[in-house]
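Visitor: Just dropping this structure here.
Nothing in this text is a laboratory measurement; each read-out follows from the coordinates by a stated rule. Predicted model, so just to flag it, every value in this text is computed and none were measured. Methodologically, a virtual Cβ is constructed for each residue, glycine included, from the backbone with ideal geometry; neighbour enumeration extends over all protein chains shown.
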Amino acid sequence: MYAIAFTQNILYGRWKYFILWYLKGTTRRYSDIKNFLGDLSQGSLTKQLRELENDGVIAREVFPVVPPKVEYSLTEKGMKLIPVLDMMEAFGKEYGEQAKSTNDNE
């Protein structure tokens with residue numbers, strides 16, 4: 001049970017799943033992530049990114065340029081979470097439509 005709780009603690013946060021999924025296979029700038037997530041405050045995004053970085057699942061690279069340029073990518077540890085996210089996506093595709101159609105019919 002501890003192992004599940006450990007993983008849950010890493011992924012805990014409204015936007016972390018989406019951030020990791022968006023970083024899948026590529027490096028992204030802060031502004032790209034912000035635009036992808038839409039209506040999210042800068043403070044909330046920064047908090048989620050810092051937590052993911054502290055947990056060792058994303059890497060942050062700062063470039064010494066003006067204006068500042070920061071890029072994020074998955075670490076090896078972060079890449080190991082991608083199959084979990086892919087399975088969650090597949091589950092949602094399979095069963096999410098069923099739940100949606102059931103709710104629409106009520």
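Visitor: Choose one of Val70, Ile82, Thr27: the residue whose Cα lies farthest towards the positive end of the charge dipole of the stretch 2-105 (beta-carbon charges +1 Lys, Arg; -1 Asp, Glu; about the Cα centre).
Guide: Positive-end residue among those listed: Val70.
Visitor: Arrange the peptides 48-60, 76-88 so that the one whose residues have, on average, the most other Cβ atoms within 10 Å appears first.
Guide: 48-60, 76-88
Visitor: If a/c stays under 1.5 just call it rounded; otherwise compare a/b with b/c (prolate if a/b is bigger, oblate if not). Do that for the stretch 13-62, with a ≥ b ≥ c from the square roots of the Cα gyration tensor eigenvalues. Please report the intermediate quantities before stating the final value.
Guide: Numbers: a/c = 1.37, a/b = 1.14, b/c = 1.19.
In terms of gyration-tensor shape, rounded.
Visitor: Would you calculate a helix-derived [θ] at 222 nm for the chain, using -39,500 (n - 2.57) for each DSSP H run of n ≥ 4 and dividing by the full residue count, to the nearest 500?
Guide: Roughly -19000 deg cm²/dmol at 222 nm, from the helical runs in the chain.
Visitor: Another one. What is the count of Lys pairs in the chain whose alpha carbons sit under 19 Å apart, if the two are 8 or more places apart or on different chains?
Guide: 12
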